[in-house]
Amino acid sequence: MLQKVVFLDRDGVINRDSPNYIKSWTEFDFLPGSIEAIKTLTNNGFTTIVITNQSAINRNMMSMEELDYIHYMMKKVVRAQGGEIKDIFFCPHTPEDGCDCRKPKPGLIFSAQKTYEIDLSISTMVGDTVKDIECARKAGCGYTVLVKTGNGIKSEKILAKKKIFPDHVAKNLYEAAKWILSRNK
């Protein structure tokens, strides 16, 4: 059973987001501090699992092979720097598909929980969108962190209007990792 788990959204948290989607490894650009954040979490006994919507698949903007290559390279670069991404759970569907895995629905987190026997009540979700925070709450994650990278600044205002408050708001993933570590001392 995995006890110390941090779920990470991908686009806008680990790498720069794009309104045109990230469709190839050449478009993938790590955000400053994100690799160091994953390394820090790994070195302190946390398991990181990526939870990401990737509707570019069902929009026919990229192939499953292209997505697999992006994820392979992302994990390889993180590993080369001393961190580890344990697994990646993604939803290929568009909002119109009505699936159970697309955030803000909690299906991806539940899939990870079943695969790794995760205690969600002590797990943390880090994201940059309203969907990420809502997904974590619906799944029963113990903690949520909103990062101000990606869509975070806009999302913070929307969350406040909805009266949904993350447990912490961080400048970026590295600051989120430091907060997570401080809670677990």
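The values are calculated or read from the model by the stated rules, or taken from the named source; none is laboratory data. What you are looking at is a predicted structure, and each value in this text was computed from that prediction instead of being measured. Using ideal geometry, Cβ is built from the backbone for each residue, glycine included, and neighbour counts are taken over all protein chains shown.
Residue 156 versus (1) within 17 Å of residue 89 (Cα to Cα); (2) among the charged types (D, E, K, R); (3) in contact with a Leu (Cβ under 9 Å, 6 or more places away or on another chain): which is the lone unmet condition?
(1)
Does residue 160 fit the bill of being among the small types (Gly, Ala, Ser) and closer than 19 Å to residue 171 by Cα?
Judged against the criteria, residue 160 is a match.
Which condition number in (1) touching a residue at least 12 places away in the same chain (Cβ under 8 Å); (2) of a type in the set (Gly, Ala, Ser); (3) within 23 Å of residue 42 (Cβ to Cβ) is the one that residue 140 fails?
So residue 140 meets the others, but not (3).
Consider residue 114 against the criteria (1) buried (at least 17 other Cβ atoms within 10 Å of the Cβ); (2) within 22 Å of residue 134 (Cβ to Cβ); (3) without any contact (Cβ under 8 Å) to a residue 40 or more places away in the chain; (4) out of contact with any Gly (no Cβ under 9 Å at 6 or more places or on another chain): it satisfies all of them except one. Which criterion is unmet?
Going through (1) buried (at least 17 other Cβ atoms within 10 Å of the Cβ); (2) within 22 Å of residue 134 (Cβ to Cβ); (3) without any contact (Cβ under 8 Å) to a residue 40 or more places away in the chain; (4) out of contact with any Gly (no Cβ under 9 Å at 6 or more places or on another chain) one by one, residue 114 breaks only (1).
Within the stretch 78-86, can one find any residue that is at pLDDT 95 or above, closer than 27 Å to residue 153 by Cβ and acidic (Asp, Glu)?
Looking for residues that are at pLDDT 95 or above, closer than 27 Å to residue 153 by Cβ and acidic (Asp, Glu), one finds none in the stretch 78-86, hence no.
This table checks each residue for (1) touching a helix residue (DSSP H, G or I) at 6+ places or on another chain (Cβ under 7 Å); (2) assigned to a loop (DSSP other than H, G, I, E, B); (3) hydrophobic (A, V, I, L, M, F, W, C).
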site	(1), (2), (3)
2	yes, yes, yes
19	no, yes, no
32	no, yes, no
39	no, no, no
42	no, no, no
56	no, yes, yes
61	no, yes, yes
70	yes, no, yes
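Tally up the residues in the stretch 32-56 that are of a type outside the set (Val, Ile, Thr), surrounded by 19 or more Cβ atoms within 10 Å (Cβ to Cβ) and either within 21 Å of residue 169 (Cβ to Cβ) or modelled with pLDDT under 95 (or both), please.
The qualifying residues number 4.
Restricting attention to the stretch 12-31, and to residues there that are closer than 20 Å to residue 84 by Cβ and out of contact with any Leu (no Cβ under 9 Å at 6 or more places or on another chain), which single residue is surrounded by the most Cβ atoms within 10 Å (Cβ to Cβ)?
So, considering only residues that are closer than 20 Å to residue 84 by Cβ and out of contact with any Leu (no Cβ under 9 Å at 6 or more places or on another chain), the one surrounded by the most Cβ atoms within 10 Å (Cβ to Cβ) is 28.
Which numbered condition trips up residue 125, out of (1) closer than 17 Å to residue 5 by Cβ; (2) out of contact with any Cys (no Cβ under 9 Å at 6 or more places or on another chain)?
(2)
Mind checking which residues of the stretch 72-99 are surrounded by fewer than 12 Cβ atoms within 10 Å (Cβ to Cβ) and in a loop (DSSP other than H, G, I, E, B)?
Scanning the stretch 72-99 gives a single hit, 98.
Restricting to the stretch 14-59, give me the number of residues that are under 17 Å from residue 102 (Cα atoms), in contact with a Lys or Arg (Cβ under 6 Å, 6 or more places away or on another chain) and of a type in the set (Ser, Thr, Tyr).
1
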